[in-house]
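Since the structure comes first, as structure tokens, the remarks are kept for the end.
The values are calculated or read from the model by the stated rules, or taken from the named source; none is laboratory data. Not measured: the values here are computed from a predicted model. Ideal geometry is used to build each Cβ from the backbone, glycine not excepted, and the neighbour counts take in all protein chains shown.
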Amino acid sequence: MSREIDRPGGMLGADAGRRTLAHGPEIAAISADMAAQARRELLIHGPTLDPALYDQAPFLEAVRRLALGRPGVCVRVLLFDPRAATQGGHRLLELARRLTSRIAIRRVADEDQERLDAFLIVDETGYVHRRLAERLEAIADYADPPAARRLRQDFERLWERGSVDSELRQLFI
């Protein structure tokens with residue numbers, strides 16, 4: 001017996017079309033929905049780990065399911081300064097501490113911290129992109145592999161130049 005799942009946005013890989021998201025709760029719902037549909041990889045980049053988006057139960061449960069269901073690192077997070085998240089008791093960091101072989105967090109290199117945007121990429125297919133990270137306005141698309149790949153290429157370049165922050169290292173020991 002199949003039951004239709006009520007989704008706030010769409011189906012990853014199937015429902016193409018850019019959506020403008022104008023409010024934090026809307027961005028949080030779409031981010032959690034995309035994360036819940038992830039099968040291979042979830043990438044997050046931004047100055048901070050915005051608690052209004054990423055410290056919410058639906059999002060955290062989606063990350064936990066992906067991390068536990070997939071061997072190897074499948075969730076990667078890049079932040080400018082992880083201190084705010086560690087001091088604020090962000091639950092995603094606690095999850096990363098418990099699942100170190102599945103969730104990796106790095107600090108963006110100093111020379112790359114001029115970026116103004118923030119984004120989430122799911123399975124190189126869907127994304128949520130805030131052109132200005134400090135504003136809760138975004139563009140999202142459940143099925144735009146070319147745009148998701150471009151963001152992923154940016155992420156990979158930043159990841160390679162980033163490093164494990166000393167505060168995170170202490171947290172994970």
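Numbers below:
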{"read-out": "Filtered residues of segment 56-78 (kept if part of a loop (DSSP other than H, G, I, E, B) and modelled with pLDDT of 95 or more)", "value": "Gln56"}
{"read-out": "Which numbered condition Ala52 fails, given (1) at pLDDT 95 or above; (2) part of a helix (DSSP H, G or I)", "value": "(1)"}
{"read-out": "Which numbered condition Arg97 fails, given (1) in contact with a Lys or Arg (Cβ under 9 Å, 6 or more places away or on another chain); (2) surrounded by 14 or more Cβ atoms within 10 Å (Cβ to Cβ); (3) part of a helix (DSSP H, G or I)", "value": "(1)"}
{"read-out": "Check on Thr20, closer than 19 Å to Ala118 by Cβ, in contact with an Asp or Glu (Cβ under 8 Å, 6 or more places away or on another chain), modelled with pLDDT under 95 and not aromatic (Phe, Trp, Tyr)", "value": "no"}
{"read-out": "Residue in segment 8-16 that is small (Gly, Ala, Ser), in a loop (DSSP other than H, G, I, E, B) and under 22 Å from Leu132 (Cα atoms) present", "value": "yes"}
{"read-out": "Meets criteria (touching a Leu at 6+ places or on another chain (Cβ under 9 Å), of a type in the set (Val, Ile, Thr) and within 26 Å of Ala14 (Cβ to Cβ)) for Val108", "value": "no"}
{"read-out": "Qualifying position, being of a type outside the set (Ser, Thr, Tyr) and either exposed (fewer than 14 other Cβ atoms within 10 Å of the Cβ) or modelled with pLDDT of 95 or more (or both), among Arg91, Arg107, Arg131", "value": "Arg131"}
{"read-out": "Matching residues, segment 102-113, being part of a loop (DSSP other than H, G, I, E, B) and without any contact (Cβ under 8 Å) to a residue 60 or more places away in the chain", "value": "Arg102, Ala109"}
{"read-out": "Lone qualifier among Leu99, Leu120, Leu92, Leu116 - being free of Cβ contacts under 8 Å to residues at least 60 places away in the same chain, more than 19 Å from Val164 (Cα to Cα) and hydrophobic (A, V, I, L, M, F, W, C)", "value": "Leu116"}
{"read-out": "Any hit, segment 60-77, residues being touching a residue at least 60 places away in the same chain (Cβ under 8 Å) and closer than 17 Å to Ser163 by Cα", "value": "yes"}
{"read-out": "Considering residues of segment 33-49 that are within 22 Å of Arg135 (Cβ to Cβ) and assigned to a loop (DSSP other than H, G, I, E, B) only, the residue nearest to the chain's Cα centre (by Cα)", "value": "Leu49"}
{"read-out": "Members of segment 64-80 that are crowded, with 16+ Cβ neighbours inside 10 Å and charged (D, E, K, R)", "value": "Arg64, Arg70, Arg76"}
